[in-house]
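The values are calculated or read from the model by the stated rules, or taken from the named source; none is laboratory data. No experiment lies behind these values; they were computed from the predicted model shown. Ideal geometry is used to build each Cβ from the backbone, glycine not excepted, and the neighbour counts take in all protein chains shown.
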Amino acid sequence: MNGANCVVRSLMAAGIDVCFANPGTSEMALVAALDRTPGMKCILGLFEGVVTGAADGYARMAGKPAVSLLHCGPGLANGLANLHNARRAGVPLVNIVGDHATYHRAYFPPLAADAEAAARPFSHWVATATSSGTIGHDVAACIEAANAPPGKVATLIVPADIAWTDGASVRTIAAPSASATVPSDAVKRAVEILKSGEPTALMLGGAPALADGLTAAGKIAAASGVRLFGQMFNSRITRGGHLPSLELVPYNVDLALEKLSGLKHIILAGARPPVAFFAYPGKPSSLAPADCQFTVLADESENGVAALEAVAEELGAANKNKTSPRNAPKPAKGALTPDGIAQSIGALLPERAVVINEALTSGRNLFAMTADAAPHDWLELTGGSIGIGIPLATGAAVACPDRRTICLQADGSGMYTLQGLWTQARENLNVTTVIYANRAYAILKQELESLGVSEPGRNATDMMDLGRPDLDWVSLAKGMGVEGVKVTSAKQFNDAFEASLSRNGPFLIEAVV
């Protein structure tokens, strides 16, 4: 078989059966191989950032990798921002990048680029196939690297002539390895801290933020009084009134310092220590108190859920329960505000929804105000590179076709990858997109104020204003094949949101706030 067939058959043998793609000429042998492979679902994205972001969303909800197929170095470059987010999310992702035929590179064609060098800062594993005879080994190694706990971004670059040349064979691919067991000493140390009575937070990320981990954390909190936190941005959190609720570390440095003040210990279970997104004059980089000690119960590659259960057992908390029944809020009334939208979403969210949050400024209170909503999964921007919301929702909806996906999207960052709406329309995905239309990069206004600029001039203001002309998201959605409506009151929003939930396919609500 040729190299391309070997790549695709290897993927299928490993259970990877969804390919998000934006291919070009160098990938035509791979496209032909995908076409000849029953069971492989191929989904086109009109921009590479949609492709990599959708692969991220799919992996977060499916618990296994998708493959992203990109075109040469420049095509890879277009997808790097969301590849960065996937890397920080700790998800498995197999990233296949085509390249010029090996002998053609010497002529320095227009798309010539060092794809391997470009991929390396955004991937955990990178390699370039060098022959059809060894590509079976290369793709097996790529898949195995992607499946390493908790999930890795693995990039394999496939020159065109290696893809079309015969002599390849599929190699045995090792099954995904289990997360490492947490040492008993780490469990013992966490229990000692929890019994000390000193102010302590238990901070969760990755698998510990899903249902089983939250259940164990709730028992620990019931027995010890520890505060339960999620890290600032999380790959996925399972939520609902049936589970303990988490506090999140705020993005705003001053708010974060206030929220974490007084803590003497932070125990990390699959989470990283809380740090500021950026440096600011006169403010610390670490968000924890200076005298606060960090203790790692489980790192990202270890079985944090089992570690939490072991801690609960040691505390005698196996039969304790931190959760008491909570009532969802009522839908908002009156003028349309960001908090009103949050209140209505908390009231109207359907069971088992998948919620994508990229409303960074308008959605500041979204997490807290939806804590008592119906059971759902919550996905966030993990790497800080904006433009993830619509693609993430696209991939999540592919992974969970029987669940409604709700994308809460700021208008500025939504413009980075609005092409994902077209993919949602083509695949008839059950996605409700809520656009917070505040006509601004509102977060940048706050960042400028943090530098002491309270009255910016025309140049600075123009860098943060999305008016002149206003974006028309209903028209943009229609051009992508997605029906939409503009709303200006809470009642209009409530009616439109409820109507979208009963639809088959995507729908967009432009909420003018």
* Give the number of residues within the range 182-198 that are farther than 30 Å from ARG87 by Cα, part of a helix (DSSP H, G or I) and among the small types (Gly, Ala, Ser). => 1
* Asked: Which of the residues belonging to the range 417-451 are in a strand (DSSP E or B) and hydrophobic (A, V, I, L, M, F, W, C)?
  -> VAL431, VAL434, ILE435, ALA437, ALA440
* Structure fact -> Taking the range 83-106 and the residues there that are of a type in the set (S, T, N, Q) and either touching a strand residue (DSSP E or B) at 6+ places or on another chain (Cβ under 9 Å) or assigned to a strand (DSSP E or B) (or both), the one that is nearest to PHE122 (Cα to Cα) would be ASN95
* To do: Keeping to the range 15-41, report how many residues are hydrophobic (A, V, I, L, M, F, W, C), over 22 Å from PRO401 (Cβ atoms) and in contact with a helix residue (DSSP H, G or I) (Cβ under 6 Å, 6 or more places away or on another chain).
  => 3
* **Matching residues in the range 133-172 - criterion: being in contact with a Cys (Cβ under 8 Å, 6 or more places away or on another chain), assigned to a loop (DSSP other than H, G, I, E, B) and either buried (at least 24 other Cβ atoms within 10 Å of the Cβ) or not hydroxyl-bearing (Ser, Thr, Tyr) (or both)** => ALA168, VAL170
* When both residues are 6+ apart or on different chains and their Cβ atoms are under 7 Å apart, which pairs have a first residue that lies in the range 137-155 and is touching a residue at least 60 places away in the same chain (Cβ under 8 Å), and a second that is of a type in the set (S, T, N, Q) and part of a strand (DSSP E or B)? -> VAL153/ASN95; ALA154/ASN95; THR155/ASN95
* To do: Might you let me know whether the range 452-471 holds any residue that is hydrophobic (A, V, I, L, M, F, W, C), modelled with pLDDT of 85 or more, outside the structural domain of ASN85 (by TED's automatic domain parsing) and in a helix (DSSP H, G or I)?
  => no
* Structure fact -> Listed by first then second residue, the pairs whose first member lies in the range 280-297 and is loosely packed, with under 14 Cβ neighbours inside 10 Å and among the acidic types (Asp, Glu), whose partner is at pLDDT 95 or above and not in a strand (DSSP E or B), with beta carbons under 9 Å and at least 6 positions apart or on separate chains, are ASP291/LYS264
* So which of LEU243, LEU248 ends up being surrounded by 17 or more Cβ atoms within 10 Å (Cβ to Cβ), modelled with pLDDT under 95 and under 29 Å from ALA54 (Cβ atoms)? -> LEU243
* Looking at GLY197, is it loosely packed, with under 13 Cβ neighbours inside 10 Å and on the phi > 0 side of the Ramachandran plot? -> yes
* Enumeration of residues in the range 60-76 that are under 15 Å from ASP99 (Cα atoms) and in a strand (DSSP E or B) -> SER68, LEU69, LEU70, HIS71
* **The lone exception for THR361 - which of (1) at pLDDT 95 or above; (2) in a loop (DSSP other than H, G, I, E, B); (3) under 30 Å from LEU80 (Cβ atoms) it fails** => (1)
* Quick one: how many residues across the range 90-133 are more than 33 Å from the chain's Cα centre (by Cα) and within 24 Å of THR172 (Cβ to Cβ)? -> 3
* To do: Return the residue satisfying two criteria in turn: it lies in the range 388-432 and is touching a Leu at 6+ places or on another chain (Cβ under 8 Å), more than 21 Å from ALA62 (Cα to Cα) and among the polar types (S, T, N, Q), and of such residues it is surrounded by the fewest Cβ atoms within 10 Å (Cβ to Cβ).
  => GLN419
* Could you please find all residues in the range 1-59 being of a type outside the set (Gly, Ala, Ser) and assigned to a loop (DSSP other than H, G, I, E, B)? => MET1, ILE16, ASP17, ASN22, PRO23, ARG36, THR37, PRO38, MET40, LEU46, PHE47
* Asked: Yes or no: TYR441 crowded, with 17+ Cβ neighbours inside 10 Å, among the hydroxyl-bearing types (Ser, Thr, Tyr), more than 24 Å from CYS19 (Cβ to Cβ) and modelled with pLDDT under 95?
  -> yes
* Taking the residues in the range 39-95 that are of a type in the set (D, E, K, R) and more than 18 Å from VAL18 (Cα to Cα) as candidates, determine which candidate is surrounded by the most Cβ atoms within 10 Å (Cβ to Cβ). => ARG87
